[in-house]
1. Which is free of Cβ contacts under 8 Å to residues at least 12 places away in the same chain, open to solvent by 50 Å² or more (accessible area, probe 1.4 Å) and on the phi < 0 side of the Ramachandran plot, of ASN119, ASN127?
2. Could you check the stretch 5-15 and list, in sequence order, the residues that are small (Gly, Ala, Ser) and open to solvent by 40 Å² or more (accessible area, probe 1.4 Å)?
3. Tally the residues that are in a helix (DSSP H, G or I), of a type in the set (Gly, Ala, Ser) and open to solvent by less than 60 Å² (accessible area, probe 1.4 Å), restricting the search to the stretch 61-80.
4. Search the stretch 47-63 for residues that are at pLDDT below 85 and charged (D, E, K, R) and pair each with any residue that is assigned to a helix (DSSP H, G or I) and buried (at least 16 other Cβ atoms within 10 Å of the Cβ) when their beta-carbon atoms are under 9 Å apart and the residues are at least 6 apart or on different chains.
5. Restricted to the stretch 16-34, and to residues that are among the aliphatic types (A, V, I, L, M) and surrounded by fewer than 24 Cβ atoms within 10 Å (Cβ to Cβ), which residue is modelled with the highest pLDDT?
6. Out of the residues in the stretch 101-144 that are more than 10 Å from the chain's Cα centre (by Cα) and among the acidic types (Asp, Glu), which is nearest to TRP12 (Cα to Cα)?
7. Using the structure shown, decide if THR38 is open to solvent by 10 Å² or more (accessible area, probe 1.4 Å), among the β-branched types (Val, Ile, Thr), modelled with pLDDT of 90 or more and under 14 Å from the mean Cα position of the chain (by Cα).
8. Of the conditions (1) touching a Leu at 6+ places or on another chain (Cβ under 9 Å); (2) of a type in the set (Asp, Glu); (3) open to solvent by 40 Å² or more (accessible area, probe 1.4 Å), GLU102 satisfies every one except a single condition; which number is it?
Amino acid sequence: MTGKADFSEEEWTSILQGPPTAGMIVVTAQKGGVFRETLALAKGYSAARDEHGQSELLDEIVSAKPSFDRGHSHSPEGLKASGLEQLRTAVALLEQKASTDEVAAYKRFVLDVARRVANAHREDGVNVSPAEQAALDELEAALG
């Protein structure tokens, strides 16, 4: 089993920031619904906590408060570009140290959080706007 102790502090921070970064990429993909979408991000963590014990790695990730570092990104495009790169880095770290199942569980969790955010607020009469779907597709591609 892989856990926090297997990573440096910097590596662990990168891994922890993956899910909220994915959520924020979706939040900023389309205007409107920020409150509901941010709440959906938190609910994604809560739902994962309910599944405690299935993965030591995910248990440690969801036990931490979701944090998001905008870095030097001052626009949705900049956030998306830096966020997608950050996710690629997190997955690469996990692929070096975690089991295949743990990496897959992390990717599923990140996408689950992002999908919850996308579905939290109806925009233009649809659950997931075209801009949000494009963000989800880019997240999925970045995660591999």
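The values are calculated or read from the model by the stated rules, or taken from the named source; none is laboratory data. The structure presented is a predicted model; accordingly, all values stated were derived computationally and were not measured. FYI the Cβ positions are ideal-geometry reconstructions off the backbone, even for glycines, and counts take in every protein chain you see. To get the accessible areas, we keep the full protein, side chains included, count just its heavy atoms, and leave off ligands, DNA and RNA. Shrake-Rupley method; radii C 1.70, N 1.55, O 1.52, S 1.80 Å.
1. Numbers: ASN119 fails: free of Cβ contacts under 8 Å to residues at least 12 places away in the same chain.
That would be ASN127, the only listed residue that is free of Cβ contacts under 8 Å to residues at least 12 places away in the same chain, open to solvent by 50 Å² or more (accessible area, probe 1.4 Å) and on the phi < 0 side of the Ramachandran plot.
2. Going through the stretch 5-15, the residues small (Gly, Ala, Ser) turn out to be 5, 8, 14.
Correct list: ALA5, SER8.
3. Our first condition is that a residue be in a helix (DSSP H, G or I); within the stretch 61-80, this holds for 61-63, 76-80.
Add one more test, that the residue is of a type in the set (Gly, Ala, Ser), and what stays is 63, 78.
Restricting the remaining residues to those that are open to solvent by less than 60 Å² (accessible area, probe 1.4 Å) gives 78.
Selection size over the stretch 61-80: 1.
4. Close Cβ pairs (under 9 Å, with a partner that is assigned to a helix (DSSP H, G or I) and buried (at least 16 other Cβ atoms within 10 Å of the Cβ)) amount to ARG49/ASP59; ARG49/VAL62; GLU51/LEU58; GLU51/ASP59; GLU51/VAL62.
5. Residues of the stretch 16-34 among the aliphatic types (A, V, I, L, M): 16, 22, 24-27, 29, 34.
Next, only the ones that are surrounded by fewer than 24 Cβ atoms within 10 Å (Cβ to Cβ) stay: 16, 34.
Values: LEU16: 94, VAL34: 77.
For the stretch 16-34, the residue satisfying everything is LEU16.
6. GLU102
7. On the way: open to solvent by 10 Å² or more (accessible area, probe 1.4 Å): yes; among the β-branched types (Val, Ile, Thr): yes; modelled with pLDDT of 90 or more: no; under 14 Å from the mean Cα position of the chain (by Cα): yes.
Considered against the rule, which asks whether it is open to solvent by 10 Å² or more (accessible area, probe 1.4 Å), among the β-branched types (Val, Ile, Thr), modelled with pLDDT of 90 or more and under 14 Å from the mean Cα position of the chain (by Cα), THR38 comes out as no.
8. (3)
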